[in-house]
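The values are calculated or read from the model by the stated rules, or taken from the named source; none is laboratory data. This structure is a prediction, so every number in the text was calculated from the model and none was measured. Here the Cβ positions follow ideal geometry from the backbone for every residue, glycine too, while neighbour counts run over all protein chains shown. Remember, those area values only see protein heavy atoms, side chains included, never the ligands or the DNA or RNA. Shrake-Rupley method; radii C 1.70, N 1.55, O 1.52, S 1.80 Å.
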Amino acid sequence: MLKQVLKIGLGVSVVASTLLAAPEKTKLKIGFIALTDCAPLVIAKEKGFFKAEGLDVHVAKEGGGWPGIQQKVISGEYDFSHALAGMPIAATLGINGNAHLQALLSLDFNGNAITYGNNIIAEMEKYGLDKTKRPVSAESLKKYIDAKRAKEGDKYAPLNFGMVHPVSTHNYELRYWMSASGIKPDQDCTIKPFPPPTMPSNLIAGNIEGYCVGEPWNSRIVLKGKGSALVTNYDIWNNNPEKVLQARADFVKKNPETTKAVMRAVIKAQKWLDESWENREEAIGYLAKKNYVKAPKNVLRKSMSGTFLYNKGVDSANPMFNVFANNYAAYPFYSHGMWFVTQMYRWGQLDKPVDMKALIEKVYRPDLFAEVAKEVDYKLPPSPWKKDGVDEYNKFLDGKVWDPNKAVDYIFDFKVQNSLVSKEDLMKANSWKVETKQPGYTCHYGPAGCADPKYVTK
């Protein structure tokens with residue numbers, strides 16, 4: 001009977017595999033930046049998920065930062081890439097390269113922090129900073145800036161901070177955190193882009209006072225005793241989108257089966273990463289290798305293992321610092337993509353009104369994701385449109401609600417904003433309505449990246 005069952009099971013497996021059409025292109029190059037959230041690509045390679053899909057994938061470490069990644073995706077040197085969630089949107093708009101790129105899936109939620117050096121922290125402590133408080137606001141920084149302005153007058157020298165790219169989550173998070181306390185970025189300080197691995201050295205050299213970056217480049221500074229992580233992006237926006245898997249739209253159209261095969265492999269890797277903390281420990285071993293993140297395991301472990309190191313010697317529980325599959329983290333929500341467009345307007349990066357709904361439906365691909373999800377048993381949310389800032393594990397630092405149906409109002413609902421386009425012109429270009437549906441908080445795949453084991457349904 002056992003032999004018969006095995007025979008039947010093997011037969012079903014063979015039939016299932018033959019139902020999936022062969023990839024048009026099997027030899028692929030996928031670019032990534034040395035950050036822990038490249039883990040789904042690394043695991044898809046190291047655990048054989050790409051190979052099982054009939055793909056020969058070179059996972060290539062990019063040394064030229066996010067601009068290098070973008071240039072090589074647009075030129076076709078990379079078939080797919082690890083990308084900041086705002087990058088394919090910006091490129092399609094022509095403000096970050098000029099090509100129609102698409103976000104095929106979300107690689108993760110959360111994963112960043114804002115880390116400041118000891119010198120600026122000492123000044124902030126004079127104005128009430130308690131770096132052990134969670135979450136820390138930027139009020140003490142605002143008070144220090146005001147005092148510095150009063151002292152220096154017309155010779156005021158703005159403070160310098162770093163982030164990874166102008167359309168990065170990091171840029172918008174740093175600005176969001178500062179402006180929530182009344183700080184005016186671009187007037188009170190300068191915010192410059194640096195490749196993620198160079199952030200610690202730039203801070204130590206005194207080129208910047210602090211930065212917003214992904215791991216392990218926050219833990220690096222904290223472990224060296226050169227600074228502290230004040231807030232994570234989870235503290236700023238619970239379970240926010242961070243990276244995506246991107247490709248040229250014409251590549252996706254020409255190679256649909258290849259695209260779906262890559263997506264299946266990456267989603268399997270994301271599920272594996274959230275299946276157990278033991279899997280996360282194995283992943284740390286791969287990420288530590290020279291050809292990937294090239295960081296000590298004890299540094300990588302500070303964020304990947306369900307903790308986060310805000311201050312040296314004090315590990316804080318933070319199971320959701322990295323979420324790869326749970327809570328629909330792999331799903332490319334239209335509403336998440338549109339949030340980035342609102343920030344591009346808020347901070348003066350766009351100077352023309354566009355139909356934000358039409359734009360996001362051109363760039364983000366939940367439709368394609370839904371096809372692939374069925375093949376790898378990935379649970380789908382009830383809608384690609386949802387509100388953020390309304391649920392227990394879905395809040396903003398300042399209590400605001402992001403509702404895509406009020407996208408234009410949202411841009412102008414901040415005391416600190418610098419839109420180059422009028423509210424009236426944006427309203428004219430955005431007269432649409434969408435139906436939003438809220439997914440419940442669920443961990444379908446395991447305890448890693450989950451708020452509490454009680455939410456695990458596996």
Considering residues that are open to solvent by less than 20 Å² (accessible area, probe 1.4 Å), in a loop (DSSP other than H, G, I, E, B) and not aliphatic (A, V, I, L, M), the number found within region 70-89 is 3
Check whether at least one residue in region 268-278 is touching a Leu at 6+ places or on another chain (Cβ under 7 Å) and on the phi < 0 side of the Ramachandran plot, and report yes or no. no
Scan region 297-318 and give yes if some residue there is touching a residue at least 60 places away in the same chain (Cβ under 8 Å), polar (S, T, N, Q), in contact with a Lys or Arg (Cβ under 8 Å, 6 or more places away or on another chain) and more than 30 Å from His100 (Cα to Cα), otherwise no. yes
Quick check: is even one residue across region 111-132 in contact with a strand residue (DSSP E or B) (Cβ under 6 Å, 6 or more places away or on another chain) and at positive phi? yes
Can you tell me which residue within region 215-244, out of those that are touching a helix residue (DSSP H, G or I) at 6+ places or on another chain (Cβ under 7 Å) and of a type in the set (Lys, Arg), is surrounded by the fewest Cβ atoms within 10 Å (Cβ to Cβ)? Lys226
Report, ordered by the first and then the second residue, all pairs with beta carbons closer than 8 Å, sequence separation of six or more or different chains, a first member in region 90-101 that is under 19 Å from Pro193 (Cα atoms) and modelled with pLDDT under 95, and a second member that is assigned to a loop (DSSP other than H, G, I, E, B) and open to solvent by 40 Å² or more (accessible area, probe 1.4 Å). Ile95/Gln349; Asn96/Pro166
Scan region 297-312 residue by residue and report those that are part of a loop (DSSP other than H, G, I, E, B) and surrounded by fewer than 19 Cβ atoms within 10 Å (Cβ to Cβ). Lys312
State the number of residues belonging to region 242-257 that are assigned to a loop (DSSP other than H, G, I, E, B) and under 19 Å from the mean Cα position of the chain (by Cα). 1
For region 50-61, which residues satisfy the criterion of being among the acidic types (Asp, Glu) and either crowded, with 21+ Cβ neighbours inside 10 Å or at pLDDT below 95 (or both)? Glu53
Only unsatisfied item for Pro67, checking (1) open to solvent by 60 Å² or more (accessible area, probe 1.4 Å); (2) within 28 Å of Ser303 (Cα to Cα); (3) more than 20 Å from the chain's Cα centre (by Cα), is (3)
Those residues of region 218-241 which are in a helix (DSSP H, G or I) and either among the aliphatic types (A, V, I, L, M) or free of Cβ contacts under 8 Å to residues at least 24 places away in the same chain (or both) amount to Ile221, Val222, Leu223, Ile236
The one condition Thr115 fails out of (1) open to solvent by 10 Å² or more (accessible area, probe 1.4 Å); (2) hydroxyl-bearing (Ser, Thr, Tyr); (3) more than 18 Å from Ile33 (Cα to Cα) is (1)
Could you please find all residues in region 403-458 being among the basic types (Lys, Arg) and over 24 Å from Trp385 (Cβ atoms)? Lys415, Lys454, Lys458
Could you please let me know if Ser316 is under 30 Å from Lys357 (Cα atoms), among the small types (Gly, Ala, Ser) and surrounded by fewer than 24 Cβ atoms within 10 Å (Cβ to Cβ)? no
Please specify each residue of region 46-67 satisfying the condition of being farther than 21 Å from Gly111 by Cα and in a helix (DSSP H, G or I). Glu46, Phe49, Phe50, Lys51, Ala52
For helices (runs of 4 or more DSSP H) lying entirely in region 363-458, having 2 or more residues that are surrounded by 16 or more Cβ atoms within 10 Å (Cβ to Cβ), under 23 Å from the mean Cα position of the chain (by Cα) and among the hydrophobic types (A, V, I, L, M, F, W, C) picks out 366-376, 407-411
Failed condition for Lys294, given (1) part of a loop (DSSP other than H, G, I, E, B); (2) open to solvent by less than 10 Å² (accessible area, probe 1.4 Å), with all others met? (2)
Checked region 90-119 for anything touching a Lys or Arg at 6+ places or on another chain (Cβ under 7 Å), of a type in the set (Gly, Ala, Ser) and part of a helix (DSSP H, G or I); matches are none
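Filter region 258-291 for residues that are outside any helix (DSSP H, G or I) and free of Cβ contacts under 8 Å to residues at least 24 places away in the same chain; which is most open to solvent (accessible area, probe 1.4 Å)?
Among those that are outside any helix (DSSP H, G or I) and free of Cβ contacts under 8 Å to residues at least 24 places away in the same chain, it is Lys290.
For (1) assigned to a helix (DSSP H, G or I); (2) among the aromatic types (Phe, Trp, Tyr); (3) modelled with pLDDT under 95; (4) open to solvent by 20 Å² or more (accessible area, probe 1.4 Å), each residue gets a yes or a no:
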{"site": "Lys7", "(1), (2), (3), (4)": "yes, no, yes, yes"}
{"site": "Ser13", "(1), (2), (3), (4)": "yes, no, yes, yes"}
{"site": "Glu24", "(1), (2), (3), (4)": "no, no, no, yes"}
{"site": "Ile43", "(1), (2), (3), (4)": "yes, no, no, no"}
